[in-house]
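Structure first, then comments.
Every number here is computed from the coordinates shown, using simple stated rules; none is lab data. Predicted, not measured: the structure shown is a model, and the values here were computed from it. So basically every Cβ, Gly included, is an ideal-geometry build from the backbone, and we count neighbours across all protein chains shown.
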Amino acid sequence: MAKENISLLIIFISLSSIFYPALSRRPSATNITWWCSKTPHPEPCKYFLSRSHHRYTFKHRSDFRKIIVQVAIEQAHKAHEQLMEFGTNCENKHQKAAWSDCVKLYANTVLQLNRTLQGLKSDRSCTDFDAQTWLSTALTNIRTCQSGYMELNVSDFITPVMSNNLSQLISNSLAVNGVLLKSENVTYTNGFPSWLSGHERNLLESSSLEARANLVVATDGSGNYRTIQAAINAAAGRRGSGRFIIHVKRGVYRENIEVGLNNNNIMLVGEGMRNTIITSGRSVGSGSTTYSSATA
């Protein structure tokens, strides 16, 4: 009986030695070093990947891409939380305006990185071109935040204390995705890329977008709303995430338009550049950054 128990114990230990490493496998230091050496910023890549609590294995460049995007998301969340605490440091309204823009921009960076990772993980159609667009937006947001202080000629108290690691991690993600993008075979049908659905192609080719509009905006009250912002806000409450068309009739609309983070696929259709005009009094000279003074 004792011999039988010993034999079972030996078998159990042997099986454990086989399966346990597979369950707890983390990327080896050598593996991390090799993959990170292929990026523009290998040092932050090695530092954060070696300290990540996630279990990863690198079998293909596409696996590595998901990993570095995940690490970038973690750092983006930390950066946004840190940025939120800086509001009390604003000494004047110009600094407050620049800081407020940065809060929105960093929040959008988190959104774009999450969108990228979820798209790469899911079975839904997410092309390397999509990922490149979202990652580029994430990086541009950070640089736009920094430029806001220069535009308003105020002291930038954010950049000196914010780590540059986030920008470098996103740059690494862009570089890795860029290699995969070059290998992606994009075909075209009638001038449209293959990833564009038939419905979207028909929509872009349509000469009667106004007739398909979900909402109509008109200054004279003949539409659903008098302002574009009101229509966009209404669109935010819709179900689904399909294309939402807003027909903006001729007229001058004096407003700054803001589209919420999760209010996607909004299409504004005017009646010509000389007939439908969106304008505003905001400018850098009046104390607004270029980002916050945009009219559309």
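Computed quantities for the displayed model
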| read-out | value |
| --- | --- |
| Over 23 Å between alpha carbons, listed pairs LYS38/LYS104; LYS38/LYS66; LYS66/LYS104 | LYS38/LYS104; LYS66/LYS104 |
| Per-pair calculated FRET efficiency, R0 = 41 Å: ALA175 and GLN229 via Cβ, rounded to 0.05 | 0.60 |
| Three-way shape call for the range 28-184 based on the alpha-carbon gyration tensor, with the a/c threshold at 1.5 | prolate |
| Least to most buried among SER173, SER155 (fewest other Cβ within 10 Å first) | SER155, SER173 |
| Cα gyration tensor shape for the range 44-121, rounded if a/c is under 1.5, else prolate or oblate | prolate |
